[in-house]
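Structure record follows, encoded as structure tokens.
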Amino acid sequence: MSAQLRFSVHRGDGAALLAFDVDGSLAPELAGFAVECEPPGAAAYPILNRLSFGHAVTADTTPSERRWTPTTEAPIQKFHWIHYPKDVPAGTFTYRATAMLFAAGSESELVAGPTAEFSLELRDGGYGDFKLGFTRGYISSQAYAERFENAAIEPDSPTIGFDTAPYEDQYRWLGAHARKLLFELIDETVADPQLSLDVFAYDFDEPDVITKLAELGPRLRLYLDNSSSHVAGKGSSRQPREVEALEKITASAGADNVKVGHFSRYAHDKILIQKRGEDAIKVLSGSANFSVRGLYVQSNNVFVFDDPTVAALYEQAFTQAWTDASGFGKSSIAAQWFPEPHGTKPKLPDFQVSFAPHSDPEVSLRPVADAIKEAKSSVLFSIMEIGTGSGAVLDAVRALPDRSEIYAFGTTQRLDGSLKVTSPGTSSPVFIPFEYLHSKVPKPFRVEISGGSGQVIHHKFVVVDFTGPDAVVFAGSSNLAAGGEHENGDNLLAFRGPAVASTYAVEAIRLVDHYRFREAMLEATEDAPLQLATRSANWTAPYFDTSTPKYRERMLFAPARPETP
């Protein structure tokens, strides 16, 4: 690595956060960064940039006028970049970065400067007996519009048994790694007659999930939410399909193997527990509901522990709900975080888990709030809704824009559908109406589809100090509000260490960048177009001004660190 160029790559779920840094002496000459990606067993290719020096982009630019230019000619003029490869095979990805410099006396002519290289694997995270996957969350995107021409993801007025074959390519792309992990566990259980599943479900209408679970017959036990939001005829048109799903599962598994309930408010878990005989051996959880929206519209995450000790904890929570849901909050399984690192197999992250509802929501929320308040360098997050909830965690998140000493960034989506991007150092974050992505889309973009009404940002995670030795991420099905932790069936986990924290951090930045660029496009005019800055614009200045968020970003992302658990 050059002494003048420092280059790091942080692993996401099939994506990479590229981070650059240069010596201050090089900054006045810096035109940006060129990057080349060499996938496993394939030829290297240049990463492309939508912006360039000679082509101004505004809100009136048409799709046919849009250009992509190699970064050797149109370098990246920021100190980080999210790269989401089209395919993610097993093996090592190698990224080569070059600091592109302005030629002497030129405003836009380029010469190559120092180079650096970073290699890592992007597939399955390398966690051993723990796997983590995200949905793509891009149904309202140019990628979906171009790849699938905004095709619907289900027929009009579908029943639970609609033919999903015509939608398989879309489901595979939209569901991404999260969908893969879900169906791997279900298919594995169906194929082995000695295996069974205990399932917690909230939203429950993905046809292939229902069909495959029905194949288990009495090898399935289902605890399904029956709160008012899931009663047929109320709210979303999907409720009748959930009634169909319940009837189908009851007919196959038997009435004794199906229960419905909602604790004080919701049975909000999304959990599959695989068992061999009476012994739990594997568990899947996360934020993704087993529904069409949960897997193919929303931004969600799923994780799998291939470990009997961890699975047994989840089975204890399931058994408590199955036998005495009303007593869950006062039971031993809801009384504390469970420090069960590593279980019976060695390759697990350092983690803890708590199960709600709790008699006192501080049991689960206080450690999260304290971690946010004690953050030394960064807090990154993606949370479904923080506008109406209460409690120590949401209060700590709301206070982040006022903390100039750390880098705080994230996305939330309010119940009215608007998207909120919290920028570091900005005390008044902007609300971006999600509707414009399909009804008021800027002209460089193709018209998009929304995927229906409801939340699109459905994650529930907070990452603290992700580049440091004390990195921690809190994630699960919990909405991180006091009311939910007191009244809902949920699980919340703390993963400690940079490996898992890095994956969630990359997802947080991916979503921020995705929606921030849209806002910039909406505001671009002929007088203030989007295009690369020339030498005299001195675009690097904020990155070297210690008072700016861009300086903190440069300091946070670029230092090299180990990428393996």
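The values are calculated or read from the model by the stated rules, or taken from the named source; none is laboratory data. Predicted model only: the values in this text are computed from it and were never measured. Methodologically, a virtual Cβ is constructed for each residue, glycine included, from the backbone with ideal geometry; neighbour enumeration extends over all protein chains shown. Keep in mind that these areas ignore ligands, DNA and RNA; they rest on the heavy atoms of the full protein, side chains included. Shrake-Rupley method; radii C 1.70, N 1.55, O 1.52, S 1.80 Å.
When restricted to residues that are under 22 Å from Q194 (Cα atoms) and not hydroxyl-bearing (S, T, Y), segment 276-316 contains 20. Of all residues being more than 28 Å from L120 (Cα to Cα) and assigned to a loop (DSSP other than H, G, I, E, B) in segment 543-565, which is modelled with the highest pLDDT? Just the residue, please. Looking at the filtered set, the residue picked out is D545.
Quick test for you: out of Y171, Y167, pick the one residue that is more than 19 Å from the chain's Cα centre (by Cα) and at pLDDT 90 or above. Walk me through how you get there before you give the answer.
Values: Y171 fails: more than 19 Å from the chain's Cα centre (by Cα).
After ruling out the rest, the residue left standing is Y167.
Taking the criterion of being in contact with a Ser or Thr (Cβ under 8 Å, 6 or more places away or on another chain), open to solvent by less than 50 Å² (accessible area, probe 1.4 Å) and not hydroxyl-bearing (S, T, Y), the residues of segment 63-104 that qualify are A74, F93, A97, A99, M100, F102.
Looking only at residues of segment 184-203 that are surrounded by fewer than 17 Cβ atoms within 10 Å (Cβ to Cβ) and not aliphatic (A, V, I, L, M), we find that the one that is nearest to T323 (Cα to Cα) is Q194. The set of residues in segment 154-172 being open to solvent by less than 30 Å² (accessible area, probe 1.4 Å) and part of a helix (DSSP H, G or I) consists of Q170, Y171. Is segment 100-114 home to any residue that is among the β-branched types (V, I, T), over 14 Å from F33 (Cα atoms) and touching a strand residue (DSSP E or B) at 6+ places or on another chain (Cβ under 7 Å)? No, there is no match, as no residue in segment 100-114 is among the β-branched types (V, I, T), over 14 Å from F33 (Cα atoms) and touching a strand residue (DSSP E or B) at 6+ places or on another chain (Cβ under 7 Å).
Of all positions in segment 419-435, at least one carries a residue that is assigned to a helix (DSSP H, G or I), modelled with pLDDT under 85 and farther than 26 Å from T503 by Cα. Counted as qualifying within segment 1-54 are the strands (runs of 3 or more DSSP E) with 1 or more residues that are among the β-branched types (V, I, T) and farther than 13 Å from K78 by Cβ, namely 5-11. Residue pairs whose Cβ atoms lie under 7 Å apart, sitting 6 or more positions apart in sequence or on different chains, and linking a residue in segment 217-240 that is modelled with pLDDT of 65 or more to a partner that is open to solvent by 10 Å² or more (accessible area, probe 1.4 Å) and acidic (D, E), are H230/E242. Close Cβ contacts (under 7 Å, 6 or more residues apart or on different chains) running from residues in segment 365-383 that are open to solvent by 10 Å² or more (accessible area, probe 1.4 Å) to residues that are in a helix (DSSP H, G or I) and not basic (K, R) comprise R366/A392; K373/A396; S377/L556. Would you check if there is a residue in segment 124-141 being at pLDDT below 90 and polar (S, T, N, Q)? Yes, the conditions are met somewhere in segment 124-141. Is it fair to say A214 is hydrophobic (A, V, I, L, M, F, W, C) and open to solvent by 60 Å² or more (accessible area, probe 1.4 Å)? Criteria not met by A214.
Conditions (1) of a type in the set (A, V, I, L, M); (2) within 30 Å of G125 (Cα to Cα), marked per residue:
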| site | (1), (2) |
| --- | --- |
| R67 | no, no |
| P70 | no, yes |
| A74 | yes, no |
| F79 | no, yes |
| T94 | no, yes |
| A103 | yes, no |
| V111 | yes, no |
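Once segment 518-542 is narrowed to residues that are open to solvent by 50 Å² or more (accessible area, probe 1.4 Å) and within 30 Å of A104 (Cβ to Cβ), the residue that is modelled with the lowest pLDDT is A528. Residue-level check: of (1) farther than 14 Å from V472 by Cα; (2) modelled with pLDDT of 90 or more, V368 misses just (1).
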